[in-house]
Amino acid sequence: MTRDHDLVLRPTAAQTEAALNPPPGRNGGDLVVETLAGLGATTVFGLPGQHALGMFDALRRSDLRYIGLRVENNAGFAADAYGRITGEAAPLLLSTGPGALTSLAALQEARAASAPVLAISSQIPTAGLGGGRHGYLHELPDQSASFRGVVKSVHTVRSQSQIPSAIAEAWTSALTVPHGPVWVEIPQDVLLSETPVPVVTGGDAFPEELPPRPELTAVAADLLSRAERPAIIAGGGVVRADASGKLRQLAERLSAPVVTTFGGKGAFPWTHPLSLQSWLEDRHTTDFLEDADVLLVVGSGLGELSSNYHTFKPRGRVVQIEADLGKLESNHPALGIHADARLALQALLETVQERTDPSAPARVREVLGKVRERIESQELTLEQGVLASVRAALPPGAPSFWDMTILAYWAWSAFDAKAPNTMHSAQGAGGLGYGFPAALGAAAADPTHPVLAVSGDGGALYSIAELATARQYGLNVTWLIVDDGGYGILREYMTDAFGRPTATELTRPDYVALAESFGVPGVRTSPETLETDLAKALAVPGPSVVVLPAVLRMFAPTHTE
């Protein structure tokens with residue numbers, strides 16, 4: 001039998017003509033943009049630099065849409081969000097040395113969150129490669145070495161004929177599960193030189209599937225079918241695999257309660273009778289999961305945040321489905337199934353036996369009731385009210401992007417994402433400055449919905465320059481800035497640990513006036529008017545800023561008890 005990707009694609013007459021008679025003035029940069037277009041890319045993000053000008057000049061001869069941000073790290077965050085929303089590889093064009101290195105934090109987040117980012121950087125001229133000290137501007141002894149521990153794969157090009165294949169190989173790597181960022185670097189002279197290579201008229205890049213081993217799913221199905229108290233932890237792998245429907249079918253067939261990790265928000269309906277929601281930082285939830293005699297973990301490595309800071313100690317049998325081989329059984333012994341979540345869940349649905357447990361919804365309600373009582377005992381009505389106002393103002397299908405701020409920490413546990421792939425945060429790597437530039441990338445990916453970004457005032461200062469980007473491209477993003485006068489969560493951590501905070505208080509600008517100086521509408525709101533003001537801002541196309549002066553507190557942790 002011939003598989004689809006074994007077929008030889010015949011060039012059309014137009015493609016043959018373009019290859020035989022390429023237009024004059026093409027260079028290596030044209031090969032980059034032609035290859036991207038041939039692979040299906042439509043939008044690229046980035047920031048130009050001296051060594052990368054060949055790529056950026058070629059953009060004007062292509063149909064690719066370019067979204068230029070003001071800081072390379074922010075461009076990386078925007079590409080990350082574009083990849084999360086579309087499931088496509090998001091091209092990120094960067095320059096050498098400082099430009100490349102400035103993207104590292106964004107690429108670390110993309111790797112932790114399995115976001116497919118195709119970073120293409122320039123390099124110093126070919127003569128400078130190899131570790132010598134030639135004194136080129138932006139020169140590093142080995143630029144690619146800085147990225148090997150961050151991205152999935154590194155590809156160094158040394159001639160123009162290598163460009164199409166290197167980019168196609170990187171594209172395949174980015175989209176092969178687990179998805180992730182990849183790095184391609186191309187010397188300046190290779191990008192600038194006129195090229196004899198024919199026009200790139202197409203591209204073949206077929207990500208490899210990752211099916212489960214049938215003997216493992218057979219054992220897993222047997223364990224789940226015979227379990228007395230099964231439970232499920234659903235992680236980000238379920239969302240990325242578009243497997244939430246199959247997860248729900250399996251949970252209902254097994255009468256198994258489901259908790260979603262912070263990266264898996266929306267993978268299971270929030271108000272479903274079997275939904276334990278996302279209260280992973282609560283000991284009541286931890287106790288319930290520890291009591292399961294068979295625990296199915298899908299698309300999660302059970303890392304720090306998903307295991308209540310490694311206090312979770314399962315007593316029953318664990319079945320773990322994970323596409324990232326490095327995460328499989330990295331924290332707990334399990335029946336480890338190295339597979340894409342969608343394919344593995346389908347295999348289980350085909351073999352698992354239905355079981356009924358009328359008591360399961362009642363046990364779920366009992367746990368959620370205990371969680372609610374614990375939170376309500378801490379007098380956190382302001383925080384709960386603010387989060388409820390955000391949820392009420394945000395349309396159900398609109399995505400949201402959350403920076404590392406106290407309101408986001410609340411949202412991880414208590415926010416109803418309404419649907420999979422609508423709530424995103426930087427909890428993978430935990431860096432500041434993610435929310436707003438990521439929201440810009442999401443708005444570029446899907447202009448049909450408004451996008452919400454949420455930051456604290458500390459994180460907002462990382463991204464303030466991107467107000468110019470939002471204005472320039474008219475991106476439909478509303479930015480909620482919770483202004484508490486400093487790094488709020490660090491203030492709490494230091495006060496709890498040392499009795500007083502240090503280096504957490506910040507002088508900050510008038511964010512409303514600053515937004516308006518960029519031509520972006522801004523409004524100062526209050527907890528009482530937040531829902532109305534935020535809803536109004538989200539309803540008006542284009543960028544806007546809503547500033548909420550408020551000092552929020554976190555709920556008490558349980559992992560220290």
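The values are calculated or read from the model by the stated rules, or taken from the named source; none is laboratory data. Small disclaimer: the values here were computed from a predicted structure and weren't measured. Cβ placement follows ideal geometry from the backbone for every residue including glycine, while neighbour counts extend to all protein chains displayed. These area figures cover heavy atoms from the full protein model, side chains too; ligands, DNA and RNA do not enter into them. Shrake-Rupley method; radii C 1.70, N 1.55, O 1.52, S 1.80 Å.
Worth pointing out:
- Spin-label model, Gln378 to Thr495: label points 7 Å out along the Cα-to-beta-carbon direction sit 1.3 nm apart.
- Taking only the Cα atoms of the range 144-240, the radius of gyration and Dmax are 20.7, 69 Å.
- When Rg and Dmax are taken over the Cα atoms of the range 448-544, they come to 15.0, 48 Å.
- Two-site FRET efficiency, Asp204 against Ala392, from Cβ-Cβ distance with R₀ of 41 Å, rounded to 0.05: 0.30
- The convex hull defined by the C-alpha atoms of the range 249-403 has an orientation-averaged projected area of 10.3 nm².
- Counting only residues at least eight positions apart within a chain, or on another chain, the aspartates and glutamates with an alpha carbon under 17 Å from that of Lys313 are Glu281, Asp282, Asp287, Glu290, Asp291, Asp293, Glu304, Glu329, Glu561.
- Taking 7 Å steps out from each Cα toward its Cβ at Thr529 and Leu325 produces label points 5.8 nm apart.
- Lysines whose Cα lies under 30 Å from that of Lys152, excluding same-chain neighbours fewer than 8 positions away: Lys246, Lys265, Lys327
- The chain, accessible area per residue, ligands and nucleic acids excluded (1.4 Å, Å²): 40
- The orientation-averaged projected area of the convex hull spanned by the Cα atoms of the range 487-561 comes to 7.1 nm².
- All other residues whose Cβ lies under 10 angstrom from that of Tyr82 are scored, Lys and Arg at +1 and Asp and Glu at -1, for a net of -2.
- Prolate/oblate/rounded call for the range 248-294, Cα gyration tensor, a/c under 1.5 rounded: oblate
- Here the range 200-325 is treated as a Stokes sphere of Kirkwood radius computed over C-alpha pairs; at 10 °C and 1.306 mPa s its diffusion coefficient rounds to 105 µm²/s.
- Mean separation of Cα contacts under 8 Å, 6 or more apart, over the residue count of the chain: relative contact order %: 13
- Portion, in percent, of the accessible area of the range 255-301 that falls on carbon or sulfur, probe 1.4 Å: 51
- Accessible area of Glu528 (1.4 Å probe, protein heavy atoms only, ligands and nucleic acids ignored): about 150 Å².
- Applying Stokes-Einstein at 25 °C and 0.890 mPa s to the Kirkwood radius of the chain, computed over alpha-carbon pairs, gives a translational diffusion coefficient of 99 µm² s⁻¹.
- All Cα pairs of the range 186-251, percent lying beyond 21 Å: 57
- Gyration tensor verdict on the range 102-180 (Cα atoms; rounded if a/c is under 1.5, prolate if a/b is larger than b/c, oblate otherwise): oblate
- Cα gyration tensor category, rounded, prolate or oblate, for the range 295-339 with a/c compared to 1.5: oblate
- Taking 7 Å steps out from each Cα toward its Cβ at Asp142 and Ala556 produces label points 5.2 nm apart.
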